[in-house]
1. What lysines sit close enough to residue B:298 to cross-link, taking a C-alpha to C-alpha distance under 21 Å and skipping anything fewer than 8 places away on the same chain?
2. Out of the total accessible area of region B:267-381 (probe 1.4 Å, heavy atoms of protein only), what percent is carbon and sulfur?
3. Whenever you get a sec, compute what percent of the accessible area on chain A sits on carbon and sulfur atoms (1.4 Å probe).
4. Please build a GNM for chain A, connecting alpha carbons under 10 Å apart, and tell me which residue among A:41, A:111, A:175 fluctuates the most.
5. Could you tell me the accessible area of residue A:34 in Å² (1.4 Å probe, neighbours in place), rounded to the nearest ten?
6. Viscosity 0.890 mPa s, temperature 25 °C: what is the translational diffusion coefficient of chain B from Stokes-Einstein with a Kirkwood Rh over Cα pairs, rounded to a whole number of µm²/s?
7. How long is the protein assembly as shown along each principal axis, judged by its Cα atoms, biggest number first, in Å?
8. Given A:40/B:561; A:106/A:221; A:75/A:223; A:112/B:38; A:161/A:211, which pairs have Cα atoms separated by over 27 Å?
Amino acid sequence: MRFQIYRYNPDVDAKPHMQFYDVPMEPTDRMLLDALVRIKIEDDTFSFRRSCREGVCGSDAMNINGKNGLACITKLADLQEPVMIRPLPGLPVIRDLIVDMSQFFKQYHSIKPYVVNDTPPPETERLQSPEDREELNGLYECILCACCSTSCPSFWWNPDKFVGPAGLLQAYRFIADTRDQATNERLDNLEDPYRLFRCHSIMNCVDVCPKNLNPTKAIGKIKDLLVKRTV
Amino acid sequence: MGIARRQFDAVVVGAGGSGLRAALQLAESNLKVAVLSKVFPTRSHTVAAQGGVSASLGNEEPDNWHWHMYDTVKGSDYLGDQDAIEFMCRKACDAVVELEHYGMPFDRLDNGKIYQRPFGGHTSNYGERAIKRACAAADRTGHAMLHTLYQRNVRAHTQFFVEWMALDLIRNQQGDVLGVVALEMETGEVMILQSKATLLATGGAGRIYSASTNAFINTGDGLGMAARAGIPLEDMEFWQFHPTGVAGAGVLITEGVRGEGGFLLNKNGERFMERYAPTVKDLASRDVVARAMATEIKEGRGAGKDGEYILLKLDHLGADVIDKRLPGIREIAKKFANVDPATDPIPVVPTCHYQMGGVPTNVQGQAVMPDGKGGEKIVKGLYAAGECACVSVHGANRLGTNSLLDLLVFGKSAGQQVVKDIAAEVVSMPDLPADAADKTMARLTRLDTATTGERVSDVGGEMRRTMQAHCGVFRFPDSMAEGVKKMLAVAERAKSTFIQDKSKVFNTARVEALELDNLIEVALSTMISANARQESRGAHDRSDFPNRDDKNWMKHSLWFKDGNRLEYKAVQLKPLTVESFEPKARVY
C-alpha cells in the first residue's frame, strides 16, 4: 500500500515535507495503525503516538485522507491510496504526527471537569435513577482524542478563547449529572461571546467523532439552559 | 555530569488507576508531588478495563466481604496472601462508594443504587452459585474510572509530568531509594527527580507475549527499574490468559459478556464449560476457562478454518441488552472480528492479559525484600501499587474485577503510607550518590552513539515469539528449558540494540529501545521462574507436574536479576482477623 506522510523534525528539517512510503501488507494487517507500525519498523525516525490500539485511549488521532480519525480503528480496506496522513490540524506540530495538545487540555481543564457536590457524602453511594444516569450516555464516553476540536474552524481561529467541542461536551456531562450542584457556576463560566457561542453548528465535530458522540447537541442543550436562565 | 535535578516529597511513576489514586492521596495532603507518565493520564491502560470493579455491596442480592475473600483466595489457587486479601475485600465497598462520590458514572438499578453483574469466580455463600458483585459502567468501567480519578486529580491540582518516562531508580549504599532518573520525551532531556518517596505504579507488561490484550505502553517499566536496582520480582511465572481475546487481533472482550448471560461454544455447538465447571460453567475463574478452551482447540474441537478459535455466543441476549450493557463490545466485535454479536458469535482465544506477579510489597504498598537473615525488610523510600506490585492478592490467578479493586485499595493505602512516612520522617532526602545517573546515562549514550546493531523490533519480536511458544497456557518441561536458553540469548542481543533516530525531539525509537530493556527483564524473570516451579497452580500449568503441590510449592518465587537467582518466601496463610481458608481442591 502507498502512503504519503507528513514529516517534520525540528532538529533536522527547515520545514515540513510529505514523504512517500510503499508498504507490503500482510493479511493480518487490518487497521491503519498496523501499517504505521510497519513503516516505523523500516524507518524508526517516523514518530507518532499510539497506545491501546482499540480506540479507547485516544492517542493516535490524526488527519487521514483529509478527515480526523483514530488510526487504530480506521480500516485499511476503506482507505483510498495514496493514503494521506497529516497531524491533527490547528495545533502546533512537535514532530511528524505528534502535536502539542496543551491548548486542547487547557480548555478541557477550564470547564472544571469534575463533579462538584458540597453536601457531605452519605455512607453509601449517592442515588441516581437509571433515567438520570442515562442522561450521561453519549457524554462520559469521550476519550479526549481531540479529533473534534481540531476539525472545528471556530477552534482553529480561537483555540485560546473558544472551549471547543470536546471541552463543551464535557461541560455538559457535568451539568447533566444529577449529582453535580454547580450548574449555575458552569453556565456563568460559559456565558461569554467566545467560550460557548463561537460554536456555529458546523458539525464537523459530529462528523469525525470516533466514538459517535454529538458535541453539537450537547452545546445546543447548554445554549438552551442559558436562554432559560434569562427568561 | 551536569544533569538537572529537582526535589519532591514524592514521585509517582505512572498515572493509571493506581498511580492516580495514590497521587490523589498525596496531593490532598499538600505534599509536593510529581506524577510521571509516558502518556497523558487518561490514555493509561486502565482505560481499557471493561467489565467492572468488585465490591460486596449486595445491591442485587445478599453478599459480604468474607464470601468475596473466600472467592479471591480460592481464585488465587491458595497462593494469595490471606492478610492482603482480607485487607482488600474488607475495603472494597468503601473504595467503590468513594469513587461514586468522586463522580464515577456507574450504571444504576431502579432503586438508584450501583448496578452489579456476575463475573467469573465470584460466588455466593462460598462457591454455591455465581453472584452479582461486579460494579459496572456499561462495559467501559475502566474508562469511567480512569477519567473520574484524573478529574479528581485536576480538582486537587496534582502536578503531572506528561510524556516523561522514568528510566531508573536511584539507590544509595544502604539500599534506600532516593528518586528516579527520567527522560522528558518532548525535549530528550534527562533529569534526576529526587524524592523522599518513590511510588511505582507502572502497570503490567503483557507486551512480552505476541498475543496480548495489553496496550503498546504496557512494557513493565517499573519492574525493569526495580530489577536493575537489585530488587526482586515476585511470582513472575503467573500470567493470566484472558479467555476471550478477539482471535487474531488480541483485543479484549470482557468477561461481563458471560456475566450478562453469554457463553462459549466449540465447533460442534457444544456449551463445553458444562463439562469443565458444572456449577458455574462459563463463570469459572479465568485460568480454568482458558485451559478448557485451549483443551478444546488442542483436541480438534475449535471452530474456524483451522479449528483455531472458540465461539462466544451472546446474540440470545438481544440487541437491546447488548446495546445497553455491552455497547463497547458490539463496537469492538464489528471492528476487529467483522461480526455483529447481536446476530453472530465472536471468535475468541485465550490471550495474555494480566501479570499476577510484580514488585513485592506489604499491604501498605511498601516494597519489601529478603533481609539476608531469613526475614524480610522494607526497602526504604520505595512503594508500589497496582499491577506492577505483588502484594499478593491475586496469587496464581486473578479474579476478574479484582484488578480495578486492587488499584483503588492499594493505590490509596500506598499513598497513605507515603504521607505517614514523610510526616514521621521515616523517609527523608539523603544526599545522592555521585554516580546516581551514571548507569542510565551509559545506556542512553550507547543508544545515541551506536552505528550498527540489532533492530529493536527484531529483538522484541524474538522475545514475544519465545514467550508465546515456551511459556503459554500449557507449559512443557523441555519447551520451558529451551525457552530459558532462548530468552538468555535474546537478553544478550538486547544489549546491542541500535536505532537510526538520534534526534532529541520526541524520539519514540529511543523510548521503544528503553522499553525493550524493561520487557526483557520481565520476560526473563517469567521464563526462569516458570521453569523452576515444579507444580501446576492457577495460571501455571505444566505437563510433567500436573497437580498442585502444597507441600513443596505453596510459596512465592522471588527472582533476582543478579545471576538470575531465585529465592522463595512463604505464603501468608493467616488473615488479619478471621480464620484461614485451608487449601483444598479447586472445583467450580
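The values are calculated or read from the model by the stated rules, or taken from the named source; none is laboratory data. Here the structure is a predicted model, which is why all the values come from computation and not from measurement. Positions of Cβ are backbone-derived with ideal geometry, glycine not excepted, and every protein chain shown enters the neighbour counts. Heads up: the accessible areas ignore ligands, DNA and RNA and are worked out on the full protein's heavy atoms, side chains in. Shrake-Rupley method; radii C 1.70, N 1.55, O 1.52, S 1.80 Å.
1. Output for residue B:298: B:267, B:281, B:313.
2. Working: 2180 of 4550 Å².
Carbon and sulfur together cover 48 percent of it.
3. Numbers: 5090 of 9860 Å².
The nonpolar share, carbon plus sulfur, comes to 52 percent.
4. Checking each option, the largest mean-square fluctuation is seen for A:41.
5. 60
6. Numbers: Rh = 23.8 Å.
Taking Rh from Cα pairs, D becomes 103 µm²/s.
7. If we take the Cα atoms of the protein assembly as shown, the spans are 75, 63, 63 Å.
8. Over 27 Å apart, Cα to Cα: A:40/B:561; A:75/A:223.
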